[in-house]
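The values are calculated or read from the model by the stated rules, or taken from the named source; none is laboratory data. Just so you know, these numbers come straight off a predicted model, no measurement behind them. Here the Cβ is made from the backbone with ideal geometry for all residues, glycine too, and neighbour counts use every protein chain on show.
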There are 2 protein chains.
Amino acid sequence: MKILVVDDEKLIRDVVKEYLQLDGFTVEEASNGDEAVELSMQNEYNLIIMDIMMPKKDGYQAVREIKKVKDIPVLMLSARGEEFDKLIGFDLGIDDYVTKPFSPKELVARVKAIIKRNEKSGVKLEFGGLVLDDKAHEVTIDGKSVNLTPKEYDLLKYFVSNNHIALSREQLLTNIWGYDFYGDDRTVDTHVKTLRHQLGKYGQYIKTVRKVGYKFEY
Amino acid sequence: MKILVVDDEKLIRDVVKEYLQLDGFTVEEASNGDEAVELSMQNEYNLIIMDIMMPKKDGYQAVREIKKVKDIPVLMLSARGEEFDKLIGFDLGIDDYVTKPFSPKELVARVKAIIKRNEKSGVKLEFGGLVLDDKAHEVTIDGKSVNLTPKEYDLLKYFVSNNHIALSREQLLTNIWGYDFYGDDRTVDTHVKTLRHQLGKYGQYIKTVRKVGYKFEY
DNA sequence: ATAAATTTTCATGTTTTTTTCACATATTTG
DNA sequence: CAAATATGTGAAAAAAACATGAAAATTTAT
């Protein structure tokens, strides 16, 4: 997950970067609109966080140019009040906006929300006889449909899209349940249990990573 | 899909063009009514987006002349309030109108809606004894005609044309009811209910996809 | 204008899913 | 090996999602 942070103030870039990295994102920076456009042409970002007021080229213009070529979600930063109406009136296809001053935590939460919304759907992931067809929203084992509950389905989808990667309970909760889930960690365990059962012989591919969480490994 | 955008303000033409191109449309421009008439005689457009107030020849006159010769859908642009009533009284065969200032996103949505409305289909979809003959606009089960209401028909058509694909309530609403439906999600449920009844033994092929929506699966 | 048909809303009941939690089992550590 | 820590599990409670029927609102036809 690569994110481009565009702001002319280094301090802001640094803070945002730090928090995003804590959550496992890769972050690159640009200090003005021109740089932002250039970088986003050369790289594949999953999200752009863009300030509005900047020298060289402002955020609106930069977004306009980038969106012409690439379909990347954008989160806008704006000083309180100013320029705000424009954002709404001039529909640039902004995914969300945050007004300064903002809480880094909230920003990260919003970033995650956007990424989740924009997650590509309709993929078909196959691991031997285990197939997850996201378009049909269906999981089959050796051709036979398995009746997963919604949570089980989401969990499996997240697992298989992160093959070989250990996932903490917290990570699973924020990414599948949502950042606003305030329940018990261990509810993950219960779902892993039922999912393992549902997957039959493929259940074993969800491995326990002690002290951390779980991982799918095929 | 080729669209002609007619407006005397270059800025508006540019913005509209930009957004339409993002959605894969080919766009040509005209800056007044005369040009518009001329261009549309020489080219085959799938849609014309026409401003009303223009020098040389206004939008009404241009549309009238074009419609005399060609059967092209037209979307009118008008400044808020002014000239507006005329559009309704004047039966020019306008397909839709948008008042300035407008959100480009909405404009594109309306363009798509018009194009979709004007698409001739006429397919015949068969699933065992269940046949949807779009040309005749009729559904039969084992040869016997079924009396579907318009909504039921549209819903079934959308379902069967998306066999094996899970469809969210939102997706169903925007594609069948239209992007401007602001009612209750759950109205979909009610229609699914009646449709299932109408389809008798074929009702079971509309499956519930919990937490998502429904899918047709034959 | 009136009646009929269709669509939408909404409250209710039912089913399914999710969460919690206590206890069992397994693993690590001193 | 015992204690501490972490995960597995089953069952009950809580929550959520859907199906349904009926009434209200809207649209269409007569």
Checklist entry - Listed residues B:Lys157, B:Lys215, B:Lys151, B:Lys201; which is of a type in the set (Lys, Arg), more than 14 Å from chain A (Cβ to nearest Cβ) and closer than 28 Å to B:Gly24 by Cβ? => result B:Lys157
Item to check | Test result for A:Tyr214, away from DNA strand C (no atom under 13 Å from the Cβ) and either charged (D, E, K, R) or under 21 Å from A:Phe127 (Cα atoms) (or both) | outcome: yes
Item to check | Selection count where residues are more than 23 Å from A:Pro104 (Cβ to Cβ), crowded, with 16+ Cβ neighbours inside 10 Å and out of contact with any helix residue (DSSP H, G or I) (no Cβ under 9 Å at 6 or more places or on another chain), scope the range A:25-43 | outcome: 0
Checklist outcome for this item: Only one of A:Val188, A:Val123 is under 19 Å from B:Leu167 (Cα atoms), among the hydrophobic types (A, V, I, L, M, F, W, C) and within 23 Å of the chain's Cα centre (by Cα), namely A:Val123
Item to check | One residue from A:Tyr205, A:Tyr179, A:Tyr158 being within 30 Å of A:Pro104 (Cα to Cα) and touching a residue at least 40 places away in the same chain (Cβ under 8 Å) | outcome: A:Tyr179
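Conditions tested, residue by residue: (1) polar (S, T, N, Q); (2) within 22 Å of B:Lys116 (Cα to Cα).
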residue: B:Thr140; (1), (2): yes, no
residue: B:Lys157; (1), (2): no, yes
residue: B:Arg169; (1), (2): no, yes
residue: B:Trp177; (1), (2): no, yes
residue: B:Tyr182; (1), (2): no, yes
residue: B:Arg186; (1), (2): no, no
residue: B:Arg196; (1), (2): no, no
residue: B:Lys201; (1), (2): no, no
residue: B:Glu217; (1), (2): no, no
Checklist entry - Looking at the range B:166-218, which of its residues are of a type in the set (A, V, I, L, M, F, W, C) and away from DNA strand D (no atom under 11 Å from the Cβ)? => result B:Leu167, B:Leu172, B:Leu173, B:Ile176, B:Trp177, B:Phe181, B:Leu199, B:Phe216
Next on the checklist: Let me spell it out: the conditions are (1) away from chain B (no Cβ under 14 Å); (2) outside any helix (DSSP H, G or I); (3) farther than 20 Å from A:Pro104 by Cβ, and A:Met53 meets all of them except one. Which number is the exception?
Outcome noted: (3)
Checklist entry - Is it the case that A:Thr174 is at pLDDT below 90 and among the β-branched types (Val, Ile, Thr)? => result yes
Checklist outcome for this item: Note: among A:Leu167, A:Leu195, just one is more than 9 Å from DNA strand C (Cβ to nearest atom), closer than 15 Å to A:Gly24 by Cβ and in contact with a helix residue (DSSP H, G or I) (Cβ under 8 Å, 6 or more places away or on another chain), namely A:Leu167
